[in-house]
């Protein structure tokens, strides 16, 4: 493939934006809607890029199947170009006294319950900023920060290695057992991890970092959790808990947004008492885009630990 940097001077920025949208959506129709153009306009722009590159960019069939090797190289470059152009627009806007633009935030599922505590102050301070908040695994957050797909990540800081990012702690994640009030732990003030392991549980799937954390804690007391149901959806998890039949191990920040469901009790997990740090991660770059800097500043001003207190002590 010819040198992409040289070709970039001839390529139209909006065509690169269409390509990035297609990579993000994986579908011509959805990408066109995201770009607010017709599908034929988007397809024509992709064909023009193919003419400039001199090679197919798309694996074509009756529907979008993916990118060719040339397409993947151009997509990676285009994503960086579009991201850097957005940062330039933000810097120019800031000089004029107005911060505007779009911010893509990837959040691990267990932090979604309290993400509003971070985004609301930013939105109040900068009403012209639009937010795209996406549920992502910790591995996806790292990869999509590397690929300039995400601007911000909310993820665990101290369980699995992070690279190429600056990290800012937010709060310590404490763990509770949500369990039926009429079940075997009725009247208890806490539950041990060994006891919780033998309880039929609904948990997140093992590809989620929260589940890997829980499995490691259970393993430290020589137990494997009795998972009767697994899901990669926080909404599905909460739906099961809401029935008052299932038990689950969750971070206590879930109670801030959902409360303790009727017929359930929330008991702190002990022996051992473990916490893990949730925080903001941003791509290490210079200069830092103004929107990213504004988000970090707003997030660090919020005392999430105080917001989600008091911790549950077995109340129904």
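Quick notes on this structure:
- In this rough spin-label picture, where each label sits 7 Å from Cα along the Cβ direction, the residue 166-residue 256 distance is 2.3 nm.
- Residue 306-residue 207 pseudo-label distance in nm [points 7 Å out on the Cα-to-Cβ vector]: 4.0 nm
- When you restrict to C-alpha pairs under 8 Å that are six or more residues apart and normalise by the size of region 175-308, the relative contact order lands at 37 percent.
- Helix 116-125 vs. the chain, principal-axis angle (Cα, 0 to 90°, nearest 10): 50 degrees
- Against the main long axis of the alpha-carbon atoms of the chain, helix 209-220 sits at an angle near 40°.
- Computed FRET value (nearest 0.05) for residue 85 with residue 139, which takes r as the C-beta separation and R₀ as 25 Å: 0.35
- Taking other Cβ atoms within 10 Å as a rough exposure proxy, 202, 35 sort from fewest to most as 35, 202.
- The chain: angle of helix 69-95 to the longest principal axis, Cα-based, in degrees nearest 10: 80 degrees
- Answer label, with Rg/Rh (Cα atoms, Kirkwood Rh) calculated from the coordinates and candidates (1) 1.05; (2) 1.08; (3) 0.95: (1)
- Take the Cα of residue 39, step 7 Å toward its Cβ, do the same at residue 55, and the gap between the two points is 2.8 nm.
- Here the contact order of the chain, divided by its residue count and restricted to Cα pairs under 8 Å and six or more residues apart, works out to 21 percent.
- Look at 83, 248 and count the other Cβ atoms within 10 Å of each Cβ; fewest to most, that gives 83, 248.
- Gaussian network model of the chain, springs between alpha carbon atoms under 10 Å - residue of 281, 221, 82 with greatest fluctuation: 221
No value in this document is a laboratory result; all are computed from the given coordinates. Keep in mind it's a predicted model, so treat the numbers as computed, not measured. As a convention, Cβ positions derive from the backbone with ideal geometry for all residues, glycine included, and neighbour counts pool all protein chains shown.
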